[in-house]
1. Where residues in region A:271-288 are touching a helix residue (DSSP H, G or I) at 6+ places or on another chain (Cβ under 7 Å) and more than 23 Å from A:Ile197 (Cα to Cα), which of them is least open to solvent (accessible area, probe 1.4 Å)?
2. Give the residues of region B:62-115 that are among the small types (Gly, Ala, Ser), in a loop (DSSP other than H, G, I, E, B) and either open to solvent by 50 Å² or more (accessible area, probe 1.4 Å) or more than 12 Å from chain A (Cβ to nearest Cβ) (or both), sorted by residue number.
3. Sort through A:Pro53, A:Pro80 and tell me the only one that's open to solvent by 20 Å² or more (accessible area, probe 1.4 Å), more than 14 Å from A:Ile9 (Cα to Cα) and more than 14 Å from chain B (Cβ to nearest Cβ).
4. Here are some residues: A:Glu126, A:Glu135. Which one is under 37 Å from the mean Cα position of the chain (by Cα) and farther than 26 Å from B:Trp108 by Cβ?
5. Considering only residues that are in contact (Cβ under 8 Å) with a residue 60 or more places away in the chain and within 26 Å of B:Leu20 (Cβ to Cβ), which ones fall in region A:97-112?
6. Looking only at region A:342-359, which residues are open to solvent by 50 Å² or more (accessible area, probe 1.4 Å) and more than 20 Å from A:Asp467 (Cβ to Cβ)?
7. Every residue in region A:328-347 that is assigned to a loop (DSSP other than H, G, I, E, B) and touching a strand residue (DSSP E or B) at 6+ places or on another chain (Cβ under 9 Å), please.
8. Would you mind finding the one in A:Leu94, A:Leu63 that is in a helix (DSSP H, G or I), open to solvent by 20 Å² or more (accessible area, probe 1.4 Å), among the aliphatic types (A, V, I, L, M) and touching a residue at least 40 places away in the same chain (Cβ under 8 Å)?
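The values are calculated or read from the model by the stated rules, or taken from the named source; none is laboratory data. A quick note: this is a predicted structure, and the numbers were derived from the prediction, not measured. Methodologically, a virtual Cβ is constructed for each residue, glycine included, from the backbone with ideal geometry; neighbour enumeration extends over all protein chains shown. Note: accessible area is taken over every heavy atom of the protein model, side chains too, but ligands, DNA and RNA are not part of it. Shrake-Rupley method; radii C 1.70, N 1.55, O 1.52, S 1.80 Å.
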Amino acid sequence: MATIGLRDILINARQESFRMNHYYLGVEHLFIGLLDIQGGLTGTLLEEQGLTPQYVVDAIRRLTGKGNRQRLWAGVPDTPRTKVVLSIANDLALEASRPEIDERDLLLAILEESDSIPVRVLRKLEVNIKRLKEEAHTRALTDAPVQSYIKIDFGTDFDGTFALTEQTLFLLRRMFHGYNQIRIERRLMGGYTAALILVVTPVGADRMEDAAVVVKIDTADIVLDEAQRYEQHVKNSLPPLTARLEDKPTTSETSDLAGLKYTFVAGTDNNAQDLRTVAQKIGVDNLGEWLRRELYPYFGKTWWQQRREFSFQVWTEYDWLLPPLLTLEYIGDEESSAPVSAIKEPVKRNRINDLHYGDVVTVEGFIVQRVNREKNWMQLAIGKGSEAAKRAYKIQVRGLNLSRDAFYRGETVDKLLGRVWQTREEALLRAVSSLEPDFDYRAASIPVLGRPDTLPNPIYAYDDLLDRYVNGSFSKIHGDLHLGNILVGPNSSAFLIDFAQTRDGHTLFDWASLEISLLNDIVMKAAGDSWQTAREVLRLIAALNAGTGTGITAASASMHPVSAIREIVRECLAVPDQWDEYYIALAMASMRAFTWDTMSVGGRRLMYLLAALTIHALQHKLSGAGSFDTLSTDQPQEE
Amino acid sequence: MEDKYVGIMLMSGVDDGLLLTFDDDAGSQNGDAWTLSIGRKEDNDVCLRNDTYSSRYHAKIHWRGESWWLEDCESKNGTFIEDSVDDQRVTGTIPLSDGQLFRVGRTWMRIQPVD
């Protein structure tokens with residue numbers, strides 16, 4: 001089998017140099033040239049250390065930055081370091097009496113020289129350079145990647161209607177390399193992301209079963225970021241007995257997927273179940289108790305109870321939950337002849353809200369958050385401030401040509417020209433329209449049950465909230481708390497998994513997220529899907545807001561866990577009995593939820609109404625016990 | 001006198017790997033400090049003519065009291081010290097150790113001894 005020689009690697013390397021507007025040949029371009037080889041040695045060895053080639057390429061690009069379009073010299077000169085590396089590689093080829101430098105020679109030369117940008121990046125990503133060198137020496141270039149056959153079985157609890165893809169099975173076999181067999185016990189209900197979460201029992205050659213682990217599979221960027229985040233933010237803040245991330249992530253060259261394993265420190269009990277399943281068994285009353293007595297105090301000691309005062313403007317913590325401020329069709333980065341409006345920090349939303357389909361805008365100084373190479377789009381955000389603020393004011397850009405233009409996560413885009421394709425308001429209207437409203441969803445107010453008989457339409461009313469200041473508190477938060485991420489282990493102990501969003505942020509965000517999960521997964525599931533049902537549930541929430549509890553009867557027992565959440569929130573309010581702080585979180589979290597197409601239709605209908613209810617409360621300062629029972633009168637509104 | 005012989009190695013860009021060496025003919029003497037200047041203009045000791053992100057007079061390094069100091073000269077795009085998580089922007093004058101990576105505009109460099 002022919003091995004890849006220097007000539008082909010140099011073609012890849014020059015292409016990378018041009019994509020980045022560098023116009024010189026650096027060691028970083030050579031290394032990316034090596035990573036571009038399909039099934040090549042360098043990519044394979046890095047995958048064995050839990051990284052993907054693309055992830056490393058993006059990290060290298062972040063360190064060098066993109067150059068200017070304007071060229072300052074002719075040709076593509078080698079850097080002095082490239083000359084050193086090529087001469088080491090040449091010596092290696094000569095020693096082995098090869099006529100041309102091959103990929104192994106070049107990789108070894110780069111590792112030997114040891115001071116170049118790619119090697120500095122690998123060290124930062126905690127790659128074991130010594131091991132990489134040893135493997136590069138001994139691995140045959142034509143070796144297929146290590147892949148043993150592992151039998152995959154399914155437990156009786158596994159929902160057979162849900163088929164695992166070939167790519168997922170491939171990744172699972174690699175994750176459990178060394179075992180004879182694995183048994184997939186069940187799929188834990190995921191949240192509203194694409195992540196797949198499975199409970200897996202590994203079985204050894206001697207048929208001895210090891211403790212079950214939780215496996216999370218998602219796109220590589222997300223999983224690799226989660227692993228880095230876990231090291232930096234999560235590891236040291238977990239209670240002593242809980243799920244922990246084991247080892248490095250596992251990646252795959254057959255797909256853009258990667259996997260993580262969470263192990264349970266508590267023992268060999270195989271019965272870790274997510275709260276959605278447990279809730280059905282223990283009943284709604286016990287569920288509320290469990291949240292208050294187990295989950296909140298156990299993780300609270302290092303998380304929600306370690307609160308500091310935190311005054312913030314709503315958009316900084318919550319804008320990122322909303323659909324993109326704008327979706328643009330990519331035009332380019334050249335100067336436009338016509339004057340166009342510029343979107344830059346500080347973002348003036350009132351000017352952006354006036355934009356329409358087809359308007360041309362420039363985006364300046366935004367940071368690339370995500371790049372979708374299959375669908376040729378990327379997402380930008382302002383990238384400054386707290387972790388949530390960095391993701392605020394998303395701008396989606398479609399119609400890129402990523403083989404010609406390099407865009408990488410973390411890149412500051414100095415200037416980009418695009419044509420408005422969809423505004424945020426249009427995205428929100430589209431989401432409501434898909435819920436088949438039985439009322440005019442483009443009107444300024446919407447009908448509900450009882451008095452007042454209308455609430456503000458959240459689509460037109462949320463924007464003012466974003467500029468409000470909140471006197472709240474700040475702590476470590478999970479960032480994506482819902483029933484599927486909370487596991488119940490031995491002795492009904494609480495386990496959290498999925499730390500992809502864990503950060504320091506507004507304490508109440510976690511509880512607003514969990515309330516929304518309870519309303520969708522427990523309350524609406526029991527009640528039904530219609531708008532009428534959603535309005536009836538809304539009335540119960542209004543009663544809960546009023547603190548009177550009127551309206552909560554045996555028939556609405558499913559609301560009990562929600563009132564347990566409110567008890568926890570009461571403890572976490574920065575100013576006692578000032579519920580505005582919570583309603584802000586609930587309003588913004590429900591604004592997000594009604595755009596989720598993975599949530600049930602009934603759930604999304606309720607979320608839309610809940611956004612209206614909480615915004616109404618915030619507009620009228622209807623905060624605190626007894627002051628907000630306006631929806632609790634039981635005069636149904638006929639439509 | 002021997003202390004003043006110093007090398008600065010460029011660690012990124014088109015001149016990545018280039019070692020510049022300075023003796024006491026270079027730089028300037030200000031009281032007890034020996035100073036080398038870094039910037040895009042030709043009259044800097046370290047001239048970054050290819051880095052459009054560097055200012056004309058961007059930064060200075062000083063040898064004073066037996067150690068190195070790095071000063072940012074109110075540059076537009078900043079001077080940074082490498083850090084494991086996020087690079088730290090330099091304000092004013094800070095101590096600099098041998099081998100410590102720092103960035104002027106887009107150009108990474110480090111001080112290293114010369115044999």
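1. If we take residues in region A:271-288 being touching a helix residue (DSSP H, G or I) at 6+ places or on another chain (Cβ under 7 Å) and more than 23 Å from A:Ile197 (Cα to Cα), then A:Gly288 is least open to solvent (accessible area, probe 1.4 Å).
2. Restricting attention to region B:62-115, the residues satisfying the condition of being among the small types (Gly, Ala, Ser) are B:65, B:67, B:75, B:78, B:84, B:92, B:97, B:99, B:105.
Still in the list and also in a loop (DSSP other than H, G, I, E, B): B:65, B:75, B:78, B:84, B:92, B:97, B:99, B:105.
Result: B:Gly65, B:Ser75, B:Gly78, B:Ser84, B:Gly92, B:Ser97.
3. On the way: A:Pro80 fails: more than 14 Å from chain B (Cβ to nearest Cβ).
That would be A:Pro53, the only listed residue that is open to solvent by 20 Å² or more (accessible area, probe 1.4 Å), more than 14 Å from A:Ile9 (Cα to Cα) and more than 14 Å from chain B (Cβ to nearest Cβ).
4. Matching residue, one of A:Glu126, A:Glu135: A:Glu135.
5. Scanning region A:97-112 gives a single hit, A:Ile110.
6. To start, the set of residues in region A:342-359 that are open to solvent by 50 Å² or more (accessible area, probe 1.4 Å) comprises A:344-346, A:348, A:350-351, A:353-354, A:356-357, A:359.
A:His356, A:Tyr357, A:Asp359 - these are the residues of region A:342-359 that are open to solvent by 50 Å² or more (accessible area, probe 1.4 Å) and more than 20 Å from A:Asp467 (Cβ to Cβ).
7. Keep residues of region A:328-347 that are assigned to a loop (DSSP other than H, G, I, E, B), which gives A:333-340, A:344-347.
Selection gives A:Asp333, A:Glu334, A:Glu335, A:Ser336, A:Ala338, A:Val340, A:Lys344, A:Glu345.
8. Working: A:Leu94 fails: touching a residue at least 40 places away in the same chain (Cβ under 8 Å).
After applying the criteria, what remains is A:Leu63.
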